[in-house]
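Structure record follows, encoded as structure tokens.
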Amino acid sequence: MGKRNPKGTGTFYWNEKRQRFISEVPTGLKLKSGATHYKTKSFKASQKRQGEIYHRDMVHKVDKGEFIGGPRITFKQWTMKYLEFFTGDLKLTTVNQYRGKLETHVFPKIGRMPLVDINSIFLQELLTNMHRTQATKSVDSIRGILSSIFSEAERQGLVSSNPVKKTKPPKRKFGEKSKKQPPWSLEEARYVVGLEWGTDMNAFICLGLCTGMRKGEMLGLQWGDVDLDAGTIYIQRTLCSTTERSLDGSTTKSYLVFNTPKTVDSERFLQIQPDALVGLRTIKAFQEIVQKEKGREWNPLGLVFCEPDGRPINPSTQLSRYKRFLKKHNVRFITIHDLRHTFAEILVADEAHMHQVQQALGHREPETTKSQYARDIPVLGQQATAHMAKLLFPESQVTPLVAGKVVKKTPNKKSFKAGGRRSYG
């Protein structure tokens, strides 16, 4: 009885029927059946030595991860499997956003390519070409999605390494303007909360500015989560819109879903001050009247912000109403999510304790709050330069700061004197 080869090294044997030496090396598992897939090659009788060398080299390549065998699965085939079976830790809305971006920007370019044939050079070319027409943030987002897809493929033995890691992250293009609008100043926020006092939209904006809640958290808020007497709110769900595509991708269906908050730390209690509760009390009293009138036609979900029959409000519908409200009162537009940014940046600029802001926003670490909001507050940098100027020139008057902006002063025409210091009038 011959000695058995070590497991994983395959076999090299003489096939009497074919009159050839056969090399069989296991290279992975078949996706459908889970059976072992073999890389097979035959050699003539006169090529035995050549065949043995080939067999050893192939076993070495498989061991080192330099050769990936198995079926020639395409990038799109693997991506669809990844989105269906390997994204359990992601929310459905996130998975659908991934699918939409890939179908628009990636599948038309590399969807039919074999997964193992896609290298870092090809991906760098794809991302660079995409960056010519797309914003830096969008390209960086797609790069992150591709990295997740290839990392899972590497873990499953479908590719030897993640080629995305060798690509360069996109950098902001010269002259590229950020679409991000600065949040409201304290004066702007004070003006807006006084508009149409007692209406649903006023209460919605006040809640966002007073708590830093996300749009989905406010639209998913139920009366059972609100204690008007104690002035507390328990954030434990979010409402979002998601899109479901048919298997062939020909049709789409949008619907609303309730989900858990964005992170574990986003589930939190918040204390609400009396002025911010006035609008909620008004809404509740009005809903009780309408509920009695409609009877069974009233939706029993018990939502704080809802349609006239109690149904959930689609986030896009709420955005349209919000835009009309701001336009009606000639208020500078910021997104609903920027209400959260306004909450954070006003507090940080006013030297509120960072841990307090972190807890209210539902961030896991104070560093998250610092990195997202402290760097975007112009007044902080201005305060630092003003402080330094006061130390260097203790007798000079510091330029005042108003609403986060420096008050501009025009220098006198006679400001430059021989051997003198520049003066401002």
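Some values worked out for this structure:
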| read-out | value |
| --- | --- |
| Estimated FRET transfer efficiency (Thr128, Gln156; beta-carbon r; R0 22 Å; 0.05) | 0.20 |
| Segment 162-168 - phi-based ³J(HN,Hα) in whole Hz, Karplus 6.51/-1.76/1.60, Gly and Pro as x | 8, x, 5, 4, 8, 8, 8 |
| From phi via Karplus (6.51, -1.76, 1.60), per-residue ³J(HN,Hα) for segment 346-356 in Hz, x at Gly/Pro | 5, 5, 5, 5, 8, 6, 5, 5, 4, 5, 5 |
| Cα gyration tensor category, rounded, prolate or oblate, for segment 44-194 with a/c compared to 1.5 | prolate |
| Amide H within-cut-off set for Gln222, under 5 Å, with H built and near neighbours excluded | Val304 |
| Placed amide H near Trp184: partners under 5 Å, 5+ positions off or other chain | Thr342 |
| Gyration tensor verdict on segment 174-319 (Cα atoms; rounded if a/c is under 1.5, prolate if a/b is larger than b/c, oblate otherwise) | oblate |
| Per-pair calculated FRET efficiency, R0 = 56 Å: Thr36 and Asn299 via Cβ, rounded to 0.05 | 0.50 |
| Cross-link pairs beyond the 25 Å C-alpha cut-off, checked among Lys109/Lys168; Lys168/Lys253; Lys253/Lys328; Lys177/Lys327; Lys109/Lys179; Lys101/Lys262 | Lys168/Lys253; Lys253/Lys328; Lys109/Lys179 |
| Amide hydrogen neighbours beyond the local backbone of Lys39, cut-off 5 Å, H modeled | Val25, Thr27 |
| Whole-Hz couplings from phi, Karplus 6.51/-1.76/1.60, listed for segment 9-15; x for Gly and Pro | 9, x, 9, 10, 9, 9, 9 |
| Net charge, Ser120 excluded, C-beta distance under 14 Å - Lys, Arg +1, Asp, Glu -1 | +1 |
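Every number here is computed from the coordinates shown, using simple stated rules; none is lab data. Source: prediction; values computed, not measured. Ideal geometry is used to build each Cβ from the backbone, glycine not excepted, and the neighbour counts take in all protein chains shown.
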